[in-house]
Amino acid sequence: MKRLAPLLGIPALLFLWQAASLLLSPRLVPPPLPVLWLFLKLLPGELGLHGLASLGRALGAILISIATALPLGILLGRSVRGDRYISPLVYILYPAPKIAFLPVFMLVLGIGNTAKIALVVTVVVFQMTIIVRDAVRTISIEHIRVISAHGGSERDILRWVLLPASLGGVFSSLRLASGTALAVLFFAETFFTTYGLGQFIMDAWSRIDYPRMYAGITALSLIGWVLFSAIDFLEKVIC
């Protein structure tokens, strides 16, 4: 029963979707069943290719962000000097609207995957860095002193104290970052993209093919669900 609990929200979502179709217009908001049938029909073909392209970009950006934010967040949380010099830079760059830099990334990195992944990384990495830094700051100094008193090195402190203590912050930031990454990626994929759900959805919208557009939105939502489920699973296993 516990495994089926997350699926209980699906009937409620379908009910609200059907109600919106009746209240607004079936032409503007197609009913769920025809859209889901079209989704299943397109999934083995072009929709699957677009979905895999978006998922690959999202995963690439998230992995790069983790590889960058985890050591940087630990450094800022552990080093007073590092925090003093680097945190102001993070505070300045974090609130800046990174989406506006997409043309710059395309000029410097080209119009391919690299620019789109780089844009998502710049949006996600600062958010993750701050959360990891704050998680490291909450560690009691006594834990570190115990390791040092028994001859532990900085590497031992990192392995047995800092990394385990920061994992909660890492997974919390991953949940926040996944939604942000998909939102930014959708925007990025509307420019000079051959495969990607952003391009698929906007192309259907421009053609006034609303069932196809909602099928793309369904695929994007499914990717978000896959990412969140994977994060929950990894947190349960690792932590």
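The values are calculated or read from the model by the stated rules, or taken from the named source; none is laboratory data. Remember, it's a predicted structure, so these values are computed and weren't measured experimentally. When we count neighbours, we look across all protein chains shown, and the Cβ atoms used for this are built from the backbone with ideal geometry, even at glycine. Note: accessible area is taken over every heavy atom of the protein model, side chains too, but ligands, DNA and RNA are not part of it. Shrake-Rupley method; radii C 1.70, N 1.55, O 1.52, S 1.80 Å.
Based on the Cβ-Cβ distance of LEU14 and ILE238, what FRET efficiency does E = 1/(1 + (r/R0)^6) give at R0 = 45 Å, to the nearest 0.05?
On the way: r = 34 Å, r/R0 = 0.76.
Once the sixth-power term is evaluated, E becomes 0.85.
What FRET efficiency would be calculated for the residue pair ARG137, ALA100, taking the C-beta separation as r and a Förster radius of 45 Å, to the nearest 0.05?
Details: r = 31 Å, r/R0 = 0.70.
Taking R0 as 45 Å, the efficiency between ARG137 and ALA100 is 0.90.
P(r) for region 96-180, please, calculated from all Cα pair distances in 5 Å bins and given in %.
Binned Cα distances yield the sequence 3, 14, 18, 14, 13, 11, 10, 8, 6, 4, 1.
Express the carbon and sulfur contribution to the solvent-accessible surface of the chain as a percent, rounded to the nearest whole number, probe 1.4 angstrom.
Values: 10050 of 13900 Å².
After summing per-atom areas, the C and S share lands at 72 percent.
Would you be so kind as to identify which of SER140, GLY179, PHE105 lies farthest towards the positive end of the dipole of region 81-233, taking Lys and Arg as +1 and Asp and Glu as -1 on Cβ and the Cα centre as origin?
The Cα lying farthest towards the positive end belongs to SER140.
Under the classification rounded if a/c is under 1.5, otherwise prolate if a/b is larger than b/c and oblate if not, where does region 144-239 fall, given a ≥ b ≥ c as square roots of the Cα gyration tensor eigenvalues? Could you put the intermediate results ahead of the total?
Values: a/c = 5.67, a/b = 3.32, b/c = 1.71.
Prolate is the answer for region 144-239, as a/c is 1.5 or above and a/b outweighs b/c.
Starting from the Cα gyration tensor of region 54-145, take the square roots of the eigenvalues, sort them a ≥ b ≥ c, and report rounded, prolate or oblate (rounded when a/c is under 1.5, otherwise prolate if a/b is larger than b/c, else oblate). Mind showing how you got there, number by number?
Working: a/c = 3.31, a/b = 2.00, b/c = 1.66.
It comes out prolate by the Cα gyration axes.
Roughly how much of THR193 is accessible, in Å² to the nearest 10, using a 1.4 Å probe?
20
Each label point is 7 Å from the Cα along the Cα-to-Cβ direction; what then is the distance between the points at LEU22 and PHE191, in nm?
That separation, rounded to one decimal, is 4.3 nm.
Going toward the positive end of the dipole of region 75-215, with +1 on Lys and Arg Cβ and -1 on Asp and Glu Cβ, which of LEU89, ALA118, LEU158 do you reach last?
LEU158
LEU59 accessible area, nearest 10 Å², 1.4 Å probe?
80
Taking the Cα atoms only, what angle lies between the long axis of helix 113-137 and the longest principal axis of the chain, rounded to 10 degrees?
So the helix axis and the longest Cα principal axis differ by about 40 degrees.
What's the angle, to the nearest 10 degrees (0 to 90), between helix 32-42's Cα axis and the longest principal axis of the chain?
Computed tilt is about 80 degrees.
Nearest 500 deg cm²/dmol is fine: what mean residue ellipticity at 222 nm does the chain get from its DSSP H runs of n ≥ 4 alone, each adding -39,500 (n - 2.57), divided by its residue count? Display every interim value, and only then the final one.
On the way: 11 runs with 184 residues, N = 239.
Mean residue ellipticity, 222 nm, calculated: -25500 deg cm²/dmol.
Send over a whole-number figure in Å² for the accessible area per residue of the chain, probe 1.4 Å. All intermediate terms of the calculation are to be shown ahead of the outcome.
Details: 13900 Å² over 239 residues.
Solvent-accessible surface per residue comes out at 58 Å².
Where the only charges are on Cβ atoms (+1 Lys, Arg; -1 Asp, Glu), what is the dipole of the chain about its Cα centre, to the nearest 20 debye? Can you show the working numbers first?
Values: 19 positive and 11 negative charges, 40 e Å.
Taking the Cα centre of the chain as origin, the dipole is about 200 debye.
With axes computed from alpha carbons, what is the tilt in degrees of helix 9-23 against the longest principal axis of the chain, rounded to the nearest 10 within 0 to 90?
40
Using the basic label-point model (7 angstrom from Cα toward the beta carbon), what is the HIS150 to SER79 distance in nanometres?
Result for the modelled spin labels: 2.7 nm.
How many percent of all Cα-Cα pairs in the chain sit more than 23 Å apart? Don't skip to the end; give the middle numbers.
Details: 16799 of 28441 pairs.
That tail contains 59 percent of the Cα-Cα pairs.
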